Structure formats: structure tokens, C-alpha cells
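Colleague: First the structure, which I've put down as C-alpha cells, then a few questions once you've had a look.
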Amino acid sequence: MDPLDGLRGHGDPECDVYLTGTVFLDIIFTGLDSAPVRGTESWARGMGSSPGGVANMATALARLGLRTSLSAAFGDDHYGEYCWDALEQGEGIDLSRSRTVAGWHSPVTVSMAYEGERTMVSHGHEAPPPEGALPECPPRARAAVASLVPGHRQDWIARAAANGGRVFADVGWDDSGDWDLGALSDLAHCEAFLPNAQEAMRYTGADCPRAAAHALTEHVPVAVVTLGADGAYAVDGRTGETARVPAIAVEALDPTGAGDVFVAGFITGSLAGWPLADRLAFAGLTAALSVREFGGSLSAPGWAEVAAWWAYARTDGGQGRDGLRRYAFLADLLPATARPGPLRRAVPTIGFGRSS
């Protein structure tokens, strides 16, 4: 399904969304009863391998039907080859602006999911600078996704905005403890900023997430504050429109990548021109669907999963009348006939031999 069907035309950008960052090989262990205990061996009931890091976001965007272009470095080891093939061949992501680096091994993250949380151990080295000319980065795109870094300007963000791209940004935890919005200089080029509640309150000094969201609109047109189990709150400073959407209760297996899926859902609705409340609801729904499966990019839902959830919600999904009304906009988006259940993409190993 193409969420931008009817909006495409002659002279459109070559891609819908551009992003750049580090691709990890993620190895995820699930079904642990508790955190590993020092000096003991723990057995997990489930395991999966998938491209991680920025690949989580790229996969989530591609599965929602957006033409996605990723610029990243890949190691020339088997891990890098697997990640490249999984993204390009498996997900249809444009990697023409990515490169394979000889003699550089792929970054790796091992993630252990238990009790609705996760513990991660990562290893990797910064990729060496590219040799020779690369395709133009960023390309002309409808949107770009950026992860802001305090005190560090990323020149490509300003170029993306200057080319007409709508920049959607999140931010990580500020280890310096400064929480200075002025240090996020690239925020001036962004259309939307999507921090979590703690980040938003620390950056603004507000005493509640709603106040923080309103304060952020002094710096960026649209502020979206994620509230974890309490859903999300958003403000469009240009129109004064606000939206508050509660979270959908699901049995969480692994929260890895849920934040990336939320952003991908919000971008999809934004590019499609949906009202703010629908964008927020869709973002929350896609994030909730993702935590039901293990792995970051493995768990990102597509339209088949969304359609299956909507069919279930209308029968015995326990959403109630208010919940059904909140997601009624899906009825006009989804095809009349849908798959009976979600697609199963997860493969619990890097690859099988030819005899498998």
C-alpha cells in the first residue's frame, strides 16, 4: 500500500525519506525470565538477528510504503553483507548512497529482553572517511530523519531543509547534563521534534510533558512528546492544534526500536497530510504493534499488520467505542480485504546454508 497514492506527480523528489547513521547487526535474546546473573549461564527461549541502529528507522519507513534512501557504512564481513542484503533485497531500501568499507567490521549489539525492558551490549568502531566521490547527500526528498547531537552541527540537515525536505528529529540522552536547547543548533531547520517526556522537560525546564511540548514550539513548529505507557502529546505551534492519544495496551515482548517505529508512523501521516491527532494515533499504534515481536527492524509493522489489528479491534479487540472512533480513519485507508493475520518476517539466524 502506498500512503502517498494520489499525492505523487511529475517532478516529485526521487525518494520520500532520507536518513543516515550507523547500521548495527542486532542479535536479540528474548524469553528471559530475569536479567542475567553474574557467574551464571542464562538460556533464552527466543532469538533473532537483524540489521539495527539506523536500519530500524529505515525498515519501519519502508514497510509503511515510503520510498526510503539510507546512507550508511557497511563492513565487508559477513555481518555487513547480511545487513546490506536484508535492507536492499528484503525491504526495498535504496542503498545507492551507502558504501562497503574494506577491512572494517560491522558494529554489533546484543540485546536481552525481559520484564518489558531490555539490556544491551554494543561494540564497534567509527567508520573511516569515504575515499573518492559519493552520490549527492542528501538527495532531494520529501522528508529527512535526523538524530540531533548537543553541540554538534550536522551540515546535511540544513541542506536537506534548503532542498525542501521536511526534517523530523529526535534526540538522545544528554550525558553532559547541560540540557541546553541552544546546543541543538540543527533544531532551527526541523519541522518536528519528537523527544520523550524526560528529555522534553529537561530541555525546557517545564514541570510536566504538556507544558514542555508547548514550550518547544517556540523553537520548532511541531513538538511531539512521547509518554511511554501513557501515550503521546503533540502541539502544532503554527495552528495551535493539540492532540493527546493514549497508548494501546498490548503484551510487550521487546521494546527495541519502538521509538523508531513511532517516528516512522508520524512521518507517514505527516507526508500524507493527515490531521495531527490521526498522525499521533497512527504513530502510537505502529509502535504498539512493534513491541509484540522481538527485534528492532524485525518487529516493524507494515500495512498488513495494521489491517489485521483493525479487523481484530472492530470485533473483540477491547478498544471500546472511544478507541474505535479514534482509529476510525483507518477504515478509509485500508483495503477492503486484508490478510487474516500479521506477516512473519523474523528469521532467528543470520542465514541458512543452501541445503536448508
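The values are calculated or read from the model by the stated rules, or taken from the named source; none is laboratory data. All figures in this text were calculated on a predicted structure; none of them were measured in a lab. Cβ placement follows ideal geometry from the backbone for every residue including glycine, while neighbour counts extend to all protein chains displayed. Protein only, heavy atoms only, side chains kept; ligands, DNA and RNA dropped before computing areas. Shrake-Rupley method; radii C 1.70, N 1.55, O 1.52, S 1.80 Å.
Colleague: Which condition breaks for ASP26 when tested against (1) in a helix (DSSP H, G or I); (2) in contact (Cβ under 8 Å) with a residue 40 or more places away in the chain; (3) more than 30 Å from ASN163 (Cα to Cα)?
Modeller: Unmet for ASP26, out of (1) in a helix (DSSP H, G or I); (2) in contact (Cβ under 8 Å) with a residue 40 or more places away in the chain; (3) more than 30 Å from ASN163 (Cα to Cα): (1).
Colleague: From the residues in the range 289-298 that are open to solvent by 10 Å² or more (accessible area, probe 1.4 Å) and not β-branched (Val, Ile, Thr), which one is nearest to PHE24 (Cα to Cα)?
Modeller: LEU298
Colleague: Which of the following residues is in contact with a helix residue (DSSP H, G or I) (Cβ under 8 Å, 6 or more places away or on another chain) and either open to solvent by 40 Å² or more (accessible area, probe 1.4 Å) or in contact (Cβ under 8 Å) with a residue 40 or more places away in the chain (or both): LEU187, LEU194?
Modeller: Just a single option satisfies the conditions, and that option is LEU194.
Colleague: In this structure, is ALA206 touching a strand residue (DSSP E or B) at 6+ places or on another chain (Cβ under 8 Å), among the aliphatic types (A, V, I, L, M) and either over 28 Å from ALA141 (Cβ atoms) or crowded, with 18+ Cβ neighbours inside 10 Å (or both)?
Modeller: So ALA206 fails the test.
Colleague: I'm checking my understanding of the structure. Among residues of the range 119-139 that are touching a strand residue (DSSP E or B) at 6+ places or on another chain (Cβ under 8 Å) and not hydrophobic (A, V, I, L, M, F, W, C), which one is modelled with the lowest pLDDT?
Modeller: Residues of the range 119-139 that are touching a strand residue (DSSP E or B) at 6+ places or on another chain (Cβ under 8 Å), as a first pass: 119-124, 127-128, 130, 134, 137-139.
Keeping just the survivors that are not hydrophobic (A, V, I, L, M, F, W, C) gives 119, 122-124, 128, 130, 138-139.
Working: THR119: 86, SER122: 95, HIS123: 96, GLY124: 95, PRO128: 89, PRO130: 79, PRO138: 91, PRO139: 92.
Among them, the one singled out is PRO130.
Colleague: Which of the residues spanning the range 10-24 are more than 13 Å from the chain's Cα centre (by Cα) and open to solvent by 40 Å² or more (accessible area, probe 1.4 Å)?
Modeller: Selection gives HIS10, GLY11, ASP12, GLU14, THR22, PHE24.
Colleague: Would you be able to say whether some residue in the range 97-108 is closer than 29 Å to LEU271 by Cβ and either of a type outside the set (Lys, Arg) or outside any strand (DSSP E or B) (or both)?
Modeller: Yes: the range 97-108 contains one or more residues that are closer than 29 Å to LEU271 by Cβ and either of a type outside the set (Lys, Arg) or outside any strand (DSSP E or B) (or both).
Colleague: Just name the residue that is farthest from the chain's Cα centre (by Cα) out of those in the range 155-184 that are among the small types (Gly, Ala, Ser) and open to solvent by less than 40 Å² (accessible area, probe 1.4 Å).
Modeller: Among those residues, the one meeting the criterion is ALA183.
Colleague: Considering each residue of the range 258-281, count those that are open to solvent by 10 Å² or more (accessible area, probe 1.4 Å), small (Gly, Ala, Ser) and either assigned to a loop (DSSP other than H, G, I, E, B) or within 21 Å of ARG63 (Cβ to Cβ) (or both), and give that number.
Modeller: Number of matching residues: 4.
Colleague: What are the residue pairs meeting all of these: first residue in the range 256-275, first residue within 14 Å of PRO3 (Cα to Cα), second residue polar (S, T, N, Q) and surrounded by 24 or more Cβ atoms within 10 Å (Cβ to Cβ), Cβ atoms under 8 Å, and 6 or more apart or on different chains?
Modeller: From the range 256-275, the pairs are ALA264/THR286; GLY265/THR286.
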